[in-house]
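Q: Structure provided below as structure tokens; questions to follow.
The values are calculated or read from the model by the stated rules, or taken from the named source; none is laboratory data. Being a predicted model, the structure only gives us computed values, none of them experimental. Cβ coordinates were reconstructed from backbone atoms using ideal geometry, including for glycine residues, and neighbour counts include every protein chain displayed. We work out accessible area using only protein heavy atoms, side chains counted, and drop any ligands, DNA or RNA first. Shrake-Rupley method; radii C 1.70, N 1.55, O 1.52, S 1.80 Å.
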Amino acid sequence: MLLPIERILAVEAASGVLLLVAALLALGLANSPWRESYHRVWETQVGFRLGNLVFERDLLFVVNDGLMTIFFFAVGLEIRRELHRGELSDVRRATLPLAAALGGMMVPAALYLAMAGGGASRGWGVPVATDIAFAVGVLTLLGDRVPRALRVLLLALAVIDDVGGILVIAIFYSSNIAISGFVFMGVGVLIILGQQFVGVRSPFAYVLPALVVWGGAYAAGIHPTLAGVIVALLTPVTPWFETERVEHEVESALAGIRKVSGKDDQAMLPHLDLLGAARAEAVAPVERIQHALHGWVAYAIVPLFAFANAGVSLGGSAGSHFTGAGGRVLVGIVLGLVVGKPLGIVSLSWLSVRLGLANLPRGVTFRQLSVVGLVAGIGFTVAIFIAQLAFPPAPSGEVNPFLSTAKLAILAASALAATLTFALGPKLLGSGGGPGAARTEAEAESSTEL
């Protein structure tokens, strides 16, 4: 039976493969004779009408602002769980991934601004994000030579990286703030807290107030997907039933089943219901909902997002990707992800350890840590998401020319980061060395494991 961490790694690795297939398929269709049909599908209008209330948007909006809310809800659940009793629940254990994540955000942003600047400076947030599914998938392909502690470190780093990406979206890519929207968000939050207070346990009962929070975020001018994070952070982290009550309910249910088994099948149903309730309530809602959503997000929502957004045309005005301001955007993103990520992650990790603020995981060296830096340069889902916010359409509705360049740069940088990981990873993992390696390994051996 797989441990929870191994289960997560397995799902993320498989999701990375689907993500790659979806991205390549979108790229192929966008540069094929069917490119008009591909783009027209995402322009299909969908919506609903309730009396005089009409809400209609295109299919791309449904994917990017609707389904991706569920993605960010799942991310928020992971953050909530980690803060409660995971790698981020202890300051000492959280310091290293926190330092690594901060370095992996600040250095790429600085490199981008140094290269692009000017009118393209809004894109500085694009290279700060790491795609956990792709990254774990690539790391998994390196085999058993990757220490388990290194994989856990990557997951912890990715969680903090997600927090950073969420803050970047909320603070820097929200506009036209409307107070009335925040009032609606507050109403939704109060309904959720009120239901929790009176003991409402069904997750479906929280869908309507969650939609109120989403609508409030949309009206407020912040990106509505952040509503998913807000609701996730309100999710209880302790089970409704304590262990003693679970045992009592299970024993009562089994006793009842034994009593009526083979005599009256219908009389068995209440006891089975009791057994099912005990099973559900024995696990914290944050764990139960995350378990239920993880597969849907990894195998359906994220690949669909990739298929909807990775369709970049390489023909026609392709020269604009490589010259002028477009060329600077492309180089800034590629440098930020491929060079800035490993440089920032390793340098701030080294600094935090040398200052005595953190310890390396047991059995992990800085040379091996650099592999995490390389693979973190794979930025896809959140990077493309931020690119769409950084380079929105013109008021006339025309597509921002920097957007397709940014998407192309993300794809190219991710491919290059994966290639470098495959090429250099075995050597870096096989012999942790370099200056001061012996002392580093000794320090790692005496440190606490992640």
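Q: Is it the case that residue 67 is within 18 Å of residue 229 (Cβ to Cβ), open to solvent by 50 Å² or more (accessible area, probe 1.4 Å), of a type in the set (A, V, I, L, M) and within 22 Å of the chain's Cα centre (by Cα)?
A: yes
Q: Is it true that residue 120 is part of a helix (DSSP H, G or I), touching a Leu at 6+ places or on another chain (Cβ under 7 Å) and either farther than 20 Å from residue 80 by Cα or touching a residue at least 40 places away in the same chain (Cβ under 8 Å) (or both)?
A: Working: part of a helix (DSSP H, G or I): yes; touching a Leu at 6+ places or on another chain (Cβ under 7 Å): no; either farther than 20 Å from residue 80 by Cα or touching a residue at least 40 places away in the same chain (Cβ under 8 Å) (or both): yes.
So residue 120 fails the test.
Okay, residues lined up against (1) within 26 Å of residue 84 (Cα to Cα); (2) of a type in the set (Phe, Trp, Tyr); (3) touching a Gly at 6+ places or on another chain (Cβ under 7 Å):
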position: 211; (1), (2), (3): yes, no, no
position: 221; (1), (2), (3): no, no, yes
position: 228; (1), (2), (3): yes, no, yes
position: 232; (1), (2), (3): yes, no, yes
position: 243; (1), (2), (3): yes, no, no
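Q: Just to verify a result, which residue in segment 78-107, among those that are assigned to a helix (DSSP H, G or I) and free of Cβ contacts under 8 Å to residues at least 40 places away in the same chain, is nearest to the chain's Cα centre (by Cα)?
A: 83
Q: Step by step: first the residues of segment 197-232, then only those that are of a type outside the set (A, V, I, L, M, F, W, C) and open to solvent by 50 Å² or more (accessible area, probe 1.4 Å), then the one that is nearest to residue 173 (Cα to Cα). Which residue is that?
A: The qualifying residue nearest to residue 173 (Cα to Cα) is 218.
Q: What do you reckon, is residue 346 under 20 Å from residue 417 (Cα atoms) and either within 20 Å of the chain's Cα centre (by Cα) or at pLDDT below 90 (or both)?
A: Working: under 20 Å from residue 417 (Cα atoms): yes; either within 20 Å of the chain's Cα centre (by Cα) or at pLDDT below 90 (or both): no.
Answer is no for this residue.
Q: Moving on. For segment 12-25: of the residues being of a type in the set (Gly, Ala, Ser) and surrounded by fewer than 20 Cβ atoms within 10 Å (Cβ to Cβ), which is nearest to residue 295 (Cα to Cα)?
A: Top of the filtered list is 14.
Q: Considering every residue within segment 139-150, establish whether at least one is among the acidic types (Asp, Glu), assigned to a helix (DSSP H, G or I) and either within 21 Å of residue 361 (Cα to Cα) or open to solvent by 50 Å² or more (accessible area, probe 1.4 Å) (or both).
A: yes
Q: Output the number of residues of segment 44-54 satisfying the condition of being open to solvent by less than 80 Å² (accessible area, probe 1.4 Å) and within 28 Å of the chain's Cα centre (by Cα).
A: Result for segment 44-54: 3.
Q: Still on this structure: Would you please name the residue that is most open to solvent (accessible area, probe 1.4 Å), looking only at residues in segment 110-133 that are under 14 Å from residue 344 (Cβ atoms) and under 19 Å from the mean Cα position of the chain (by Cα)?
A: Among those that are under 14 Å from residue 344 (Cβ atoms) and under 19 Å from the mean Cα position of the chain (by Cα), it is 124.
Q: Only one of these is farther than 27 Å from residue 371 by Cα and at pLDDT 90 or above: 51, 66, 104, 47. Name it.
A: Exactly one of 51, 66, 104, 47 is farther than 27 Å from residue 371 by Cα and at pLDDT 90 or above, namely 66.
Q: Which number in (1) hydrophobic (A, V, I, L, M, F, W, C); (2) at pLDDT below 75; (3) closer than 30 Å to residue 123 by Cβ marks the one condition that residue 411 misses?
A: (2)
Q: OK, next. Scan segment 233-255 residue by residue and report those that are in contact (Cβ under 8 Å) with a residue 24 or more places away in the chain and open to solvent by less than 60 Å² (accessible area, probe 1.4 Å).
A: Result: 234, 235, 236, 237, 239, 241, 246, 249, 250, 253.
Q: Among the candidates 262, 216, 221, which residue alone is at pLDDT below 85, of a type in the set (Gly, Ala, Ser) and under 24 Å from residue 176 (Cα atoms)?
A: On the way: 262 fails: under 24 Å from residue 176 (Cα atoms); 216 fails: at pLDDT below 85.
221 is the lone residue from the list that is at pLDDT below 85, of a type in the set (Gly, Ala, Ser) and under 24 Å from residue 176 (Cα atoms).
Q: Within segment 256-267, take every residue that is of a type outside the set (Lys, Arg) and without any contact (Cβ under 8 Å) to a residue 12 or more places away in the chain and give me the one that is farthest from residue 201 (Cα to Cα).
A: Step by step, filter segment 256-267, then rank; the result is 262.
Q: I'd like the full set of residues that are open to solvent by 30 Å² or more (accessible area, probe 1.4 Å) and not in a helix (DSSP H, G or I), limited to segment 269-303.
A: 282, 283, listed by residue number.
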